[in-house]
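Following: one structure in structure tokens, then a few remarks.
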């Protein structure tokens, strides 16, 4: 492989994109009795991760290099990796182990870090948060465990040699954040419109490698979880009020409500 | 007494309101030390004291303002080793998330993210976390010490108790190894007259607005009502309006007196960020849209006609 030699010239980048298979956001989510999310339902590649893959592919197209997808999940999560491979990623790594069922953010980050470290990537791309868990804690944990700086919530990424610059979304605009690679970034859904896999891409993905690793392969022990779920209840629902058809009186009705609420 | 920490997020030299929200709950859970890092930390200590902090650890090194997460994680980890707190509270905001994640990984501790509340239980802590966009609420028991909990903004109401915090200098040198992700420029995009999070009236638009060209209709209504304009994730992802306007799980949490959802179906992703509003009005073409089931008043009709008429009516009433 000439990859590492050319990387010294700053010509090629090795990019790891973390991907997750999640319950289809368009289907109802069901909890198992142990409060894990039922996985026997329709599952898809996390839509946010598709954007991360797209960004990785665009960087590869601009700078040359390799895009590696790393995921953790049951064996069927290979389908999510395969989808990314059909978009154009080069190969995949799936961490799968019965001991990982119900893994918390820290265990997930430890397993991912152990799988990613030997790859020595220039760039790790994560979604800002998963569609199902939405806690967004794995990326900063992963950055810490890999010893990388974190450039988070990027809506734009530029790589120039060993320098990376992102536009980091903030409450009132954005920050321009710079670091030297290697680095970890998290990207927003707005960063890039994911491409559709071409037929050629789908065919090519069939023969691409997906390496499967267990916790023992990674030298990671499950350990004690940092938190346990005691119970799950329905959230307090708001009661529906009046529903009216706009027959010309809607504005008056709204005005009444605004007046009662003392905002007019 | 449990030793409780509040990570008092600073931004642009100002103490963030989320820190005072956290103080309101923290002081019920034990003796509270706050940690304020970066420009303005010393001044923030006085405010934190008024909100119940017994001590505030401060360090005004510019590295905290200029670099993402790592300097703050260093400071908290060092102080943690000295003080061994029982609970560390963070706001569930982008900056605090970055710090909390790094800290937890460094300490090898789990954490509870996206919590709506936290309370003491048998010498430990339990946090409630909305799931699936808020349809369910899970009670999560923090097994580690320290328990690390990130609480969604607007979960608690800040209030002063009176008091003075002892200001303690947090002695620390930030190594170059932690000065890596550097913020080189800050760009403000939102020209908000009224801040979305603080607005008494929020008018949010979704796909039902038809396109970005119709958002000025919402701006006009917001101006008439002295409110601010928000948006659903769908239209932010579509690039109609900037992210700074997004309300919901991945955006801002608001709890205004009145929330007017216009052309928003009410996906849980959105409603988790606004369902604590006192009064909700929905305007939507679809009577079956989920937002109608939680609105105090649901209007089935054409938003593009109703909104301008409403704006005119509000203006007329003010005269």
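Output the number of residues of segment A:140-154 satisfying the condition of being more than 15 Å from residue B:180 (Cα to Cα), facing another protein chain (nearest Cβ under 7 Å) and assigned to a strand (DSSP E or B).
1
Taking the condition under 15 Å from residue B:172 (Cβ atoms), assigned to a helix (DSSP H, G or I) and in the same structural domain as residue B:169 (by TED's automatic domain parsing), does residue B:26 pass?
No, not satisfied.
Would segment B:136-156 turn up any residue that is without any contact (Cβ under 8 Å) to a residue 60 or more places away in the chain and over 23 Å from the mean Cα position of the chain (by Cα)?
The answer is yes; a qualifying residue exists.
Return the residues of segment B:120-135 that are over 22 Å from residue B:83 (Cβ atoms), more than 10 Å from chain A (Cβ to nearest Cβ) and touching a helix residue (DSSP H, G or I) at 6+ places or on another chain (Cβ under 8 Å); say none if nothing qualifies.
Scanning segment B:120-135 gives no hits.
Against the definition (surrounded by fewer than 22 Cβ atoms within 10 Å (Cβ to Cβ) and not in a loop (DSSP other than H, G, I, E, B)), how does residue B:19 come out, yes or no?
Against the criterion (surrounded by fewer than 22 Cβ atoms within 10 Å (Cβ to Cβ) and not in a loop (DSSP other than H, G, I, E, B)), residue B:19 does not qualify.
State all residues of segment A:145-171 that are under 26 Å from residue B:131 (Cβ atoms) and free of Cβ contacts under 8 Å to residues at least 12 places away in the same chain; if no residue qualifies, say none.
Of everything in segment A:145-171, just one residue is under 26 Å from residue B:131 (Cβ atoms) and free of Cβ contacts under 8 Å to residues at least 12 places away in the same chain, namely A:171.
Out of all the residues in segment B:258-274, which are assigned to a loop (DSSP other than H, G, I, E, B) and either touching a strand residue (DSSP E or B) at 6+ places or on another chain (Cβ under 9 Å) or buried (at least 24 other Cβ atoms within 10 Å of the Cβ) (or both)?
B:263, B:264, B:265, B:266, B:272, B:273, B:274
Which of the residues that make up segment B:81-110 are more than 14 Å from every other protein chain (Cβ to nearest Cβ) and out of contact with any strand residue (DSSP E or B) (no Cβ under 6 Å at 6 or more places or on another chain)?
B:81, B:82, B:83, B:84
For residues that are in a strand (DSSP E or B) and under 21 Å from residue A:145 (Cα atoms), tally how many sit in segment B:54-86.
Residues meeting the conditions: 1.
Could you say whether any residue in segment B:157-166 is in a strand (DSSP E or B) and modelled with pLDDT of 95 or more?
Checking segment B:157-166: at least one residue is in a strand (DSSP E or B) and modelled with pLDDT of 95 or more.
From the list B:138, B:199, which one is under 26 Å from residue B:111 (Cβ atoms), out of contact with any helix residue (DSSP H, G or I) (no Cβ under 6 Å at 6 or more places or on another chain) and within 14 Å of chain A (Cβ to nearest Cβ)?
B:138
Assess whether residue B:53 counts as being closer than 25 Å to residue A:170 by Cβ and assigned by TED's automatic domain parsing to the domain that holds residue B:121.
no
Any residue in segment B:42-50 that is in contact with a helix residue (DSSP H, G or I) (Cβ under 6 Å, 6 or more places away or on another chain) and touching a residue at least 12 places away in the same chain (Cβ under 8 Å)?
There is no residue in segment B:42-50 that is in contact with a helix residue (DSSP H, G or I) (Cβ under 6 Å, 6 or more places away or on another chain) and touching a residue at least 12 places away in the same chain (Cβ under 8 Å).
Spot the failing condition for residue B:87; the list is (1) at positive phi; (2) modelled with pLDDT of 95 or more, and only one is missed.
All conditions are met except number (1).
Take residue A:232 and tell me if it is under 19 Å from residue A:52 (Cα atoms), in a strand (DSSP E or B) and either at pLDDT below 95 or within 13 Å of chain B (Cβ to nearest Cβ) (or both).
So residue A:232 fails the test.
For segment B:304-311, check the following and say yes or no: at least one residue is within 11 Å of another protein chain (Cβ to nearest Cβ) and under 23 Å from residue B:130 (Cα atoms).
No, segment B:304-311 contains no residue that is within 11 Å of another protein chain (Cβ to nearest Cβ) and under 23 Å from residue B:130 (Cα atoms).
Of the residues B:77, B:100, B:36, which single one is within 27 Å of residue A:128 (Cα to Cα) and surrounded by fewer than 23 Cβ atoms within 10 Å (Cβ to Cβ)?
Among B:77, B:100, B:36, only B:77 is within 27 Å of residue A:128 (Cα to Cα) and surrounded by fewer than 23 Cβ atoms within 10 Å (Cβ to Cβ).
Which residues, taken from segment B:202-227, are crowded, with 19+ Cβ neighbours inside 10 Å and within 12 Å of chain A (Cβ to nearest Cβ)?
B:202, B:203, B:221, B:222, B:224, B:225, B:227
Restricting attention to segment B:230-243, report how many residues are assigned to a helix (DSSP H, G or I), touching a residue at least 12 places away in the same chain (Cβ under 8 Å) and buried (at least 23 other Cβ atoms within 10 Å of the Cβ).
So the answer is 2.
Among the candidates B:197, B:185, single out the residue that is on the phi < 0 side of the Ramachandran plot and either surrounded by 18 or more Cβ atoms within 10 Å (Cβ to Cβ) or assigned to a helix (DSSP H, G or I) (or both).
B:197
Within segment B:278-303, work out how many residues are part of a loop (DSSP other than H, G, I, E, B), surrounded by fewer than 24 Cβ atoms within 10 Å (Cβ to Cβ) and facing chain A (nearest Cβ under 9 Å).
6
Mind checking which pairs have a first residue in segment B:281-298 that is outside the structural domain of residue B:232 (by TED's automatic domain parsing) and a second that is part of a loop (DSSP other than H, G, I, E, B), Cβ under 8 Å, 6 or more apart or different chains?
none
Would you check if residue A:85 is under 25 Å from residue A:34 (Cβ atoms), more than 15 Å from the chain's Cα centre (by Cα) and in a helix (DSSP H, G or I)?
So residue A:85 fails the test.
The values are calculated or read from the model by the stated rules, or taken from the named source; none is laboratory data. Computed from a prediction, not measured in an experiment: that's the story for all the values here. Methodologically, a virtual Cβ is constructed for each residue, glycine included, from the backbone with ideal geometry; neighbour enumeration extends over all protein chains shown.
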